[in-house]
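Notes for the one structure printed next.
The values are calculated or read from the model by the stated rules, or taken from the named source; none is laboratory data. In this text, all values refer to a predicted model and were calculated from it rather than measured experimentally. Reconstructed Cβ throughout: ideal geometry from the backbone, glycine too, with neighbour counts over all protein chains shown. What goes into the accessible areas is simple: the full protein's heavy atoms, side chains included, and nothing from ligands, DNA or RNA. Shrake-Rupley method; radii C 1.70, N 1.55, O 1.52, S 1.80 Å.
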Protein chains: 2
Amino acid sequence: MSLVIVGTVAFDRIETPFGKTDRVIGGAATYIALAASNYLQSSKLISVIGDDFPQETLNEMKSRGIDLEGLQIKAGEKSFFWAGRYHYDMNSRDTLETQLNVLADFKPVVPESYKDCEFLMLGNLDPAVQMAVVDQLPHRPRLVVLDTMNFWMDIALDKLKEVLKKVDVLTINDEEARQLSQEHSLVKAARKIMAMGPRYLIIKKGEHGALLFHENSAFFAPALPLEEVIDPTGAGDTFAGGFIGYLASTQNLSFDNMKRAIVVGSAMASFTCEKFGPERLLELTKPEIDARVQQFVELVDFDIELVG
Amino acid sequence: MSLVIVGTVAFDRIETPFGKTDRVIGGAATYIALAASNYLQSSKLISVIGDDFPQETLNEMKSRGIDLEGLQIKAGEKSFFWAGRYHYDMNSRDTLETQLNVLADFKPVVPESYKDCEFLMLGNLDPAVQMAVVDQLPHRPRLVVLDTMNFWMDIALDKLKEVLKKVDVLTINDEEARQLSQEHSLVKAARKIMAMGPRYLIIKKGEHGALLFHENSAFFAPALPLEEVIDPTGAGDTFAGGFIGYLASTQNLSFDNMKRAIVVGSAMASFTCEKFGPERLLELTKPEIDARVQQFVELVDFDIELVG
């Protein structure tokens, strides 16, 4: 049940209408791996950092069974850095600063010990980097999940479309689904996108929940209405990590199990929003996660008798 | 199980990115009554029109058991008219023209035969008109549902707050909930609004579904992802009509039955979006409605075992 996770391990600086941080730990692969570690004893990371990244965080990852053999540490260089400011509605944000640093010429290397990978999570990154990882695997994994964003649709659409042919599940938000498909209706968008390669499409709608499409079936999971959204940074990555972590731990790729995995991902993501950075994710206990999943069960539970 | 419906019966002219209409039948009470008529043999309407309103539509209403004794017809005057244009996303619209006409000095009169009303639906209207209806009832109905919008919060907030004290269920959209409560979090907004009077709050989120709040419980029903949204005009009113029609027909005001009523309302609303005006609502059959409700059941259906 080996899971390989590719993505950024980085620093963020975040401003919201309710507060701001100094430099905090961030990066798609960080959130994915931490979320997945709640369901898996072990996973394997592929990423790159500078020598400015705290050893303490790396130790924390190792203690959660996250194998760092595929994490390149570039001496004398700096880790990727992103700063952003959320708007009042928390659904949109402006990038204030991006320092690519070590990411500028990142060439992922898949260690030998990773090559029997059964589950592959390609976090949001240059599609060329995502493809380089896929190309190094001698066998196709049982499940390949790819997350991406509008930025890559704008500047690397051809490469993105090439990678899409290699993946089973694509996760993007509703605006990105519309951009990628050139369709406003999400039903039509899903059909077009699934024709590009992924057999499953997950459309993330933030506070409005997530949709799963597969063939002619659709499933919807709401987001939990929260008392307080402190910082949504990493919520989408946390969702992906919970999703693939659950699938890898259960080893069941049926549509019914995908639905469960989406609820688990949504539950994990709701925690991430409760504090700045991955802080909330680091303090979670299994009973807390189960109680949160139970809230999702109750939120959509109803029975109705159709009398025809 | 008598249901009294108060609201506009009117004409609309609608433009969407996908087409435009000439003058078509519209009005909150029209949509509410037509939707409810799928669940109820009879209902009673309170509204006002001019003598320009087609007799054919009135006959259609009567044939669906909609009692028009409370419908004032003003000779020599014109019916309320609204023209609007939807933006590309179909979630927002601009008003192009409003002619109040008969609505300008509407004084609702509750006929004697309406006064034993058990279910009262106060459709979107001047809160003073809504209050005038409530004040004419000798007994409090079993359930009072009120729909309103930001316009009345802007110009008649005090009167609106007065009516809110008399209602059981309020239906508004997410932005309106935020405006009314001055809270961004919908959980906090719901708590504040329920303290204003309504024991139940339904937050309508259009294509993102609907939330029901009551005490410390929440329920979420998605909107059905549609192939094609032709015209969302009247979808919120249709939702309200399906909701109260189902409750009145089942005579069950438990939270579980409210949840079913929300699913029924959502299903009815999804039909309204499929054609311009109330056209789709007029051609519905019971098996079609049941099949649509079943799609909602399947859309959110999942089972997950929590192993702790």
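Overview of results
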{"quantity": "Leading residue by the ranking (most open to solvent (accessible area, probe 1.4 Å)) among those in region A:78-91 that are farther than 22 Å from residue A:129 by Cα and either charged (D, E, K, R) or within 14 Å of chain B (Cβ to nearest Cβ) (or both)", "calculated": "A:88"}
{"quantity": "Residue B:186 within 13 Å of chain A (Cβ to nearest Cβ) and crowded, with 24+ Cβ neighbours inside 10 Å", "calculated": "no"}
{"quantity": "Test: residue B:237 is at pLDDT below 95 and open to solvent by 10 Å² or more (accessible area, probe 1.4 Å)", "calculated": "no"}
{"quantity": "Residue in region A:213-228 that is open to solvent by 50 Å² or more (accessible area, probe 1.4 Å), of a type outside the set (Phe, Trp, Tyr), over 18 Å from the mean Cα position of the chain (by Cα) and under 17 Å from residue A:266 (Cβ atoms) present", "calculated": "yes"}
{"quantity": "Within region A:116-134, tally of residues that are of a type in the set (D, E, K, R) and touching a Lys or Arg at 6+ places or on another chain (Cβ under 9 Å)", "calculated": "2"}
{"quantity": "Among residues of region A:178-193, those that are over 19 Å from residue A:130 (Cα atoms) and out of contact with any Lys or Arg (no Cβ under 7 Å at 6 or more places or on another chain), counted", "calculated": "10"}
{"quantity": "Condition met for residue A:305 (surrounded by fewer than 24 Cβ atoms within 10 Å (Cβ to Cβ), facing another protein chain (nearest Cβ under 9 Å), in a helix (DSSP H, G or I) and modelled with pLDDT under 95)", "calculated": "no"}
{"quantity": "Search result, residues across region B:108-157 that are open to solvent by 10 Å² or more (accessible area, probe 1.4 Å), in contact (Cβ under 8 Å) with a residue 40 or more places away in the chain and in a helix (DSSP H, G or I)", "calculated": "B:113, B:129"}
{"quantity": "Residues of region A:236-261 classified as in contact (Cβ under 8 Å) with a residue 40 or more places away in the chain, more than 8 Å from every other protein chain (Cβ to nearest Cβ), of a type outside the set (Ser, Thr, Tyr) and part of a helix (DSSP H, G or I), total", "calculated": "13"}
{"quantity": "Failed condition for residue A:97, given (1) within 19 Å of residue A:27 (Cβ to Cβ); (2) open to solvent by 30 Å² or more (accessible area, probe 1.4 Å); (3) part of a loop (DSSP other than H, G, I, E, B)", "calculated": "(3)"}
{"quantity": "Residue list for region A:201-235, restricted to those being in a strand (DSSP E or B) and of a type in the set (D, E, K, R)", "calculated": "A:204"}
{"quantity": "Scan of region A:263-300 for residues that are assigned to a loop (DSSP other than H, G, I, E, B), among the charged types (D, E, K, R) and either open to solvent by less than 10 Å² (accessible area, probe 1.4 Å) or facing chain B (nearest Cβ under 8 Å) (or both), ordered by number", "calculated": "none"}
{"quantity": "When residues of region A:190-210 are limited to those that are open to solvent by less than 40 Å² (accessible area, probe 1.4 Å) and closer than 20 Å to residue B:212 by Cα, the one farthest from the chain's Cα centre (by Cα)", "calculated": "A:208"}
